[in-house]
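Got a structure for you, questions after.
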Amino acid sequence: MSLSDADVAALAREAVDHKDPRLDVHIAPVAQDDPYRFGAAAWTVSAGGASSYITATMSWREALDKLIADLGS
């Protein structure tokens, strides 16, 4: 099962809430029309001056752990 936009939004909010629930979360999908980029969908998630790169092929747990590590510190 691959992650969707809604999954990434929920995961990002959960990860950022560990740091500060008042922080805004910004999610930018990686352009799918990039001729040099092949494969699964991906997103750049940022909050509080930190950012993280998530791909649709990650499991829910892998993505959450990465987001917490990248955004929650």
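Across the stretch 1-23, what is the number of residues that are touching a helix residue (DSSP H, G or I) at 6+ places or on another chain (Cβ under 8 Å), open to solvent by less than 70 Å² (accessible area, probe 1.4 Å) and part of a helix (DSSP H, G or I)?
Residues flagged as touching a helix residue (DSSP H, G or I) at 6+ places or on another chain (Cβ under 8 Å), open to solvent by less than 70 Å² (accessible area, probe 1.4 Å) and part of a helix (DSSP H, G or I) within the stretch 1-23 amount to 6.
Right, residue 63: modelled with pLDDT under 95, closer than 17 Å to residue 9 by Cβ and either in contact with a Leu (Cβ under 8 Å, 6 or more places away or on another chain) or among the small types (Gly, Ala, Ser) (or both) or not?
So residue 63 fails the test.
May I pose another question? I need the full set of residues from the stretch 46-60 which are open to solvent by 40 Å² or more (accessible area, probe 1.4 Å) and closer than 16 Å to residue 4 by Cβ, in order please.
Matches in the stretch 46-60: 57, 59, 60.
Answer with yes or no whether residue 52 is touching a Lys or Arg at 6+ places or on another chain (Cβ under 9 Å), modelled with pLDDT of 95 or more and on the phi < 0 side of the Ramachandran plot.
It is true that residue 52 is touching a Lys or Arg at 6+ places or on another chain (Cβ under 9 Å), modelled with pLDDT of 95 or more and on the phi < 0 side of the Ramachandran plot.
With respect to the numbered conditions (1) open to solvent by less than 90 Å² (accessible area, probe 1.4 Å); (2) modelled with pLDDT under 95, which one is the sole condition not fulfilled by residue 32?
That leaves (1) as the condition not met.
The values are calculated or read from the model by the stated rules, or taken from the named source; none is laboratory data. Since this is a predicted model, take the numbers as computed values, not measurements. A quick note on method: Cβ atoms are made from the backbone with ideal geometry, for glycine too, and the neighbour counts reach across all protein chains shown. Please note that ligands, DNA and RNA were not included when accessible areas were found on the heavy atoms of the full protein model with its side chains. Shrake-Rupley method; radii C 1.70, N 1.55, O 1.52, S 1.80 Å.
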